[in-house]
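Accompanying notes for the structure given below.
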Amino acid sequence: MIDPDGEEPRRPAQIDPLAGLRTPHDPPFDVYLTGPVFLDIVFTGLDSAPVRGTESWARGMGSSPGGVANMATALARLGLRTSLAAAFGDDHYGEYCWDALEQGEGIDLGPSRTVPGWHSPVTVSMAYEGERTMVSHGHEPPPEEPAPEHAPRARAAVASLTPGVRAPWIAEAAAAGTRVFADVGWDDTGRWDLAGLADLEHCEAFLPNAEEAMRYTGADCPRAAAHALAEHVPLAVVTLGGVGAYAVDGRTGESAVVPAIAVEALDPTGAGDVFVAGFVTGTLADWPLADRLAFAGLTAALSVQEFGGSLSAPGWSEIAAWWRRVQSVDDQDPAALARYAFLEGLVPEAGRPWPLRRAVPTIGFRRSA
């Protein structure tokens, strides 16, 4: 795998994966998201987990917008017109995150707002041995600063479902023709009641990880869990971490499994969000199910080799560089290459060098005139 050796300013995506599908009557956005934006501070290069009463030194550090910004950035870098509704603090952290997303990534922040007197949520993440430990701090934005009541028109939306809670915008968006993709977090109640995910009925696709899928369905393996979920949502995708992913289309009965790409992970922050972004991109582009899984897994694998959740998301130049590189490896498995042959007609022949802009170690350096 090619190792990056520098940073450069963000530029618009080189490829529009939906170019052949666009019409003058399309909605203004491809994907809409809402949720909290964190400032992520990531330490990497730790030899082991921090030990109580000791001081650990990290060999690497990066800062970047986090939370829902991970997925928003991944979608934008893949060429999708992305709109984000989020609250931003009026501190330097909030200003940095806003500028990084709007100016750096071209994400529409029209539905977002800056909340006076509210500080940005912060997560400190420590990556080691392929895992991570996180500490977060933040407060709910004031009740007088609600999220937008109505989502903008978009081809798709990504929603994070909360057990026992309905988000009215999801049903409204689905009724307007928006294709809703959903993920879910850990159920702190311990109930793992699928009926408690009330908005699942409005979703086209549900993308939990294997542990979540098995707990919600009571299945004893991820594949059985995916088939069980396909009885409740048209498309069930179960991510298997370093193993790959398995998907079932309940409408057609089609299923697909794609193994993960083996990489040396620097920081796994945001890999799940990048996977979802890749899968949404392939779905909106009407790719075959197996190609969507492979593409999602590839984008996630490329992201974990870099610092940070949002700014580690790959763009088309990096996808192209990976594809050209793996084809040049001696004794490459022909079957493995064939799995990604669909990239041949997508990636640019040549483009600006990679990488895209990465997480910066320090926020607040003065810009030279």
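The values are calculated or read from the model by the stated rules, or taken from the named source; none is laboratory data. Computed from a predicted model, the values in this text were never measured in an experiment. Cβ: placed from backbone, ideal geometry, glycine included. Neighbour counts: every protein chain shown. Side chains are part of the model used for accessible areas, which takes the heavy atoms of the whole protein and leaves out ligands, DNA and RNA. Shrake-Rupley method; radii C 1.70, N 1.55, O 1.52, S 1.80 Å.
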Expressed in angstrom and rounded, the centroid-to-centroid distance over alpha carbons for the stretch 223-245 and the stretch 77-150 is 29 Å
If one builds a Gaussian network model of the chain from Cα atoms under 10 Å apart, the most fluctuating residue listed among Pro36, Pro28, Pro334 is Pro334
Pull up all non-local amide H partners of Gly110: gap of 5 or more, or a different chain, and H-to-H distance under 5 Å with H placed in the peptide plane.
-> Leu84
Cut-off 18 Å, label 7 Å out along Cα→Cβ of Thr23, residues of the stretch 155-184 by amide N | 155-156, 176-179
Positive end of the charge dipole of the chain (Lys, Arg +1 and Asp, Glu -1 on Cβ, about the Cα centre): tell me which of Trp98, Val184, Leu21 has its Cα farthest that way.
-> Leu21
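In the stretch 195-300, what % of DSSP beta bridges are antiparallel (nearest 5)? List each step's numbers first, then the result.
On the way: 10 of 13 bridges.
Counting only bridges with both partners in the stretch 195-300, antiparallel ones make up about 75 percent.
Shape of the stretch 80-204 from its Cα gyration tensor (a ≥ b ≥ c, root eigenvalues): rounded if a/c is under 1.5, otherwise prolate when a/b > b/c, or oblate? Please list the in-between numbers first.
Details: a/c = 1.60, a/b = 1.15, b/c = 1.40.
In terms of gyration-tensor shape, oblate.
Work out, step by step, the length gained on full extension between Arg166 and Ala335: first 0.36 nm times the residue separation, then minus their alpha carbon distance; give nm to one decimal.
Working: separation 169, 0.36 × 169 = 60.84 nm, distance 4.42 nm.
Length gained between Arg166 and Ala335: 56.4 nm.
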Any idea how far apart Glu231 and Met61 come out in nm if each label point goes 7 Å out from Cα toward Cβ?
-> 5.2 nm
Under the Karplus curve 6.51 cos²θ - 1.76 cosθ + 1.60, θ = phi - 60°, whole-Hz ³J(HN,Hα) for the stretch 242-258, x wherever Gly or Pro sits = x, 8, x, 7, 9, 9, 9, 9, x, 6, 10, x, 5, 9, 8, 9, 10
Relative contact order as a percentage, the stretch 105-217, C-alpha pairs under 8 Å and 6+ apart, gives 20 percent
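Where in the chain lies the longest segment free of GluC sites (Glu not before Pro) that are both loop residues by DSSP (not H, G, I, E, B) and have at most 15 other Cβ atoms within 10 Å?
Working: sites that count: Glu7, Glu55, Glu129, Glu144, Glu149, Glu231, Glu254, Glu264, Glu349.
That gives 265-348 as the longest site-free run.
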Choose one answer from Ala69, Ala175, Ala313: the residue with the largest mean-square fluctuation in a GNM of the chain with alpha-carbon springs under 10 Å.
-> Ala175
Multiply the residue gap between Cys221 and Val243 by 0.36 nm, knock off their C-alpha separation, and tell me the result in nm, one decimal place.
-> 6.6 nm
Hey, what did the chain get for relative contact order, percent, Cα under 8 Å, at least 6 apart?
-> 19 percent
Classify the chain as rounded, prolate or oblate from the Cα gyration tensor: take a ≥ b ≥ c as the square roots of its eigenvalues, call it rounded if a/c is under 1.5, otherwise prolate when a/b beats b/c and oblate if not.
-> rounded
Under 5 Å, built H, 5+ apart or other chain: amide partners of Val258 = Ala245
Residue-by-residue Karplus 3J(HN,Hα) for the stretch 64-79, coefficients 6.51, -1.76, 1.60, Hz, glycine and proline x = 6, x, x, x, 5, 5, 4, 6, 4, 5, 4, 5, 5, 5, 8, x
Heavy-atom accessible area per residue of the stretch 47-153, all protein chains kept, 1.4 Å probe, expressed in Å², is 52 Å²
Between Arg81 and residues 5 or more places away or on another chain, the pairs with built amide H atoms under 5 Å apart involve Asp30, Val31
Relative contact order (%) - the stretch 78-130, alpha-carbon pairs under 8 angstrom, separation at least six = 45 percent
Per the 1.4 Å probe, what fraction of the accessible area of the chain, in percent, lies on carbon and sulfur atoms?
-> 53 percent
